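*Asks:* Have a look at this one before I ask anything.
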Amino acid sequence: MIFAVIVFVIIILVFVIIAYMIYSDYQVQQEMDKKLIISRQKNIIDETDDILMNVTHIPFSNRMIIILQNRILNALQIIASVQTNMQVQQRINDMTTQIEISKNSPSRDSQFVPPENADQSLKMIRIMRRLRKIIRIEFNRGRISKNDFVDEDKILEINIYKIQFSNLIKNIDEAHMNSQTGTERELIRGGLNSLNKLQFHDAWLESVKAHLQETLDNLNAEAEKRHEQEIANEKAKESDIDVLFMPKKKW
């Protein structure tokens, strides 16, 4: 009887140990999952904060700013759901206030300003491409409407083209200053072909198209003028040769 009780107790202890180990593993896994969730959301917050810091260099609309602020708010709320933290809660409150301020703020001036140099151009294009990915993710998660997604994505796409064309104009001007007429003509024709293929236009792009066409026309006119001058010079040379070899008059 005593032996049976001992065996029973041992069996119970084994089950308790196994149950404790399973529970302990479960707790460790839960903690790892929480840390992974928090890490992912912090990355989202850091990325979005980094983009918002460049708001003065890129023509963001109020709607885009609110989309980004809501993205941060959603990430903070997910962190708060798995971790009790007063700092996180305070930032949730602050971000909620910022969103309300953005909603009531006057519309931002979205006029395009060409970048000052190649480094700034590259940075702006990278940010806009990141933004296009972000708003697609937010749309797929049902956080923004289809109309907002389409409108903002189109604005970003157009602005990327504008940066590229502003860089093209600088390259054309540089080729002109260096008297690289062939390169200048090739860049202009490439730019015009690209503009003609675009399925959207605005005043800025139309002004670029007009500028490129005018520059090309001037190059063609100068080339034609030089050609005519060369022909005239050749005719003058031929006339001089004819005069040189004309029979001498007898007096």
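The values are calculated or read from the model by the stated rules, or taken from the named source; none is laboratory data. What you see is a predicted model, and the numbers here were worked out from it, not measured in a lab. Cβ coordinates were reconstructed from backbone atoms using ideal geometry, including for glycine residues, and neighbour counts include every protein chain displayed. Surface accessibility is based on the protein's heavy atoms, side chains included, excluding ligands, DNA and RNA. Shrake-Rupley method; radii C 1.70, N 1.55, O 1.52, S 1.80 Å.
*Asks:* If I take the Cα coordinates of the range 76-161 and project them onto the principal axes, what are the three extents in Å, biggest first?
*Replies:* Here the Cα extents, ordered largest to smallest, are 45, 28, 27 Å.
*Asks:* If you don't mind, another one. How charged is the neighbourhood of GLY190? Take every other residue with its Cβ under 14 Å from the Cβ of GLY190, and add Lys/Arg as +1 and Asp/Glu as -1.
*Replies:* So the environment of GLY190 carries a net charge of +2.
*Asks:* Work from the charge dipole of the chain (Cβ charges, +1 for Lys and Arg, -1 for Asp and Glu, about the Cα centre) and give the residue of SER81, PRO106, ILE45 farthest towards its positive end.
*Replies:* SER81
*Asks:* Restricting to Cα pairs below 8 Å that are 6+ residues apart, what does the relative contact order work out to for the chain? Please round to a whole percent.
*Replies:* Result for the chain is 12 percent.
*Asks:* Take SER107, SER39 and sort them by solvent-accessible surface of the protein heavy atoms, 1.4 Å probe, largest at the top.
*Replies:* In descending accessible area the options line up as SER107, SER39.
*Asks:* If packing is taken as the average count of other Cβ atoms within 10 Å, what order do 156-162, 64-70, 206-212 fall into, highest mean first?
*Replies:* With the highest mean Cβ count within 10 Å placed first, the list reads 64-70, 156-162, 206-212.
*Asks:* To the nearest 20 debye, what charge dipole does the chain have about its Cα centre, counting +1 at the Cβ of each Lys and Arg and -1 at the Cβ of each Asp and Glu?
*Replies:* 460 debye
*Asks:* With n ≥ 4 as the cut-off for DSSP H runs, can you work out [θ] at 222 nm for the chain, using -39500 (n - 2.57) per run divided by the number of residues, rounded to the nearest 500?
*Replies:* It lands at -29500 deg cm²/dmol.
*Asks:* Okay, moving on. What number comes out for accessible area per residue over the chain if the probe is 1.4 Å? Units Å², please.
*Replies:* 70 Å²
*Asks:* Carbon-plus-sulfur fraction of the accessible area of the chain, 1.4 Å probe, in percent?
*Replies:* 56 percent
*Asks:* Computed from the coordinates I sent, Rg and Dmax of the Cα atoms in Å equals one of (i) 17.2, 50; (ii) 35.1, 161; (iii) 26.2, 82. Tell me the label.
*Replies:* Recomputing Rg and Dmax of the Cα atoms in Å here picks out (ii).
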